[in-house]
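A short write-up of the structure that comes next.
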Amino acid sequence: MEITESRRLEMEQQFQRKFGMDVSDTIMGHLPPNGWHNIATTADIHGLHTEIELFRAATKTEFNLIRSDIKKDLELLEYKIVTALHQELAKQNKWMTGILATLCVSLMVLVLR
């Protein structure tokens with residue numbers, strides 16, 4: 001049965017006539033404003049708690065997977081950067097060795113002349 005505002009008012013007025021204003025106010029104060037169908041039970045709350053815990057666990061698992069993927073990606077990026085740096089330093093060392101050798105030979109030729 002649907003509880004309308006007019007039915008609540010009628011019930012309150014009957015309580016006032018039979019039990020007086022104080023008792024009527026107390027009883028009406030303990031009734032939910034829109035009927036009992038909108039009231040959550042302990043079982044409803046436990047069910048929501050369980051759903052929230054399952055969602056939290058699934059979210060934590062997903063975040064851990066994402067964290068692991070990011071860590072792997074960063075490690076691969078670090079490896080690529082270090083490898084490229086080593087290759088470029090090796091090229092630079094070869095060039096510097098060649099330039100220094102050329103300078104040494106040039107100086108020796110100039111000194112020995």
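Readers should treat all values here as calculations from the given coordinates under stated rules, not as data from a laboratory. Note that the coordinates shown come from a computational prediction; the quantities given were computed from them, not determined experimentally. Neighbour counts are summed over all protein chains in view; Cβ atoms, including those assigned to glycine, are modelled from backbone coordinates with ideal geometry.
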Using only Cα atoms, locate the centre of region 1-41 and the centre of region 49-101, then give the distance between them in Å, rounded to an integer. 66 Å
Angle between the Cα long axis of helix 21-30 and the longest principal axis of the chain, 0 to 90 degrees, nearest 10? 30 degrees
Could you give the Stokes-Einstein D for the chain in µm² per second, using the C-alpha Kirkwood radius, 4 °C, 1.567 mPa s? 56 µm²/s
Among Phe55, Ile45, Trp95, whose Cα sits farthest toward the positive end of the charge dipole of the chain (+1 at Cβ of Lys/Arg, -1 at Cβ of Asp/Glu, about the Cα centre)? Trp95
Explain nothing, just compute: Karplus ³J(HN,Hα) = 6.51 cos²θ - 1.76 cosθ + 1.60, θ = phi - 60°, for every residue of region 82-96 in order, whole Hz, x for Gly and Pro. 5, 4, 4, 4, 4, 5, 5, 5, 5, 4, 4, 4, 4, 5, 5
Pairing the Cα long axis of helix 5-19 with the longest principal axis of the chain, what angle in degrees results, from 0 to 90 and rounded to the nearest 10? 50 degrees
Total charge dipole magnitude, the chain, about the Cα centre, Cβ charges on Lys, Arg, Asp, Glu only, Debye to nearest 20: 1140 debye
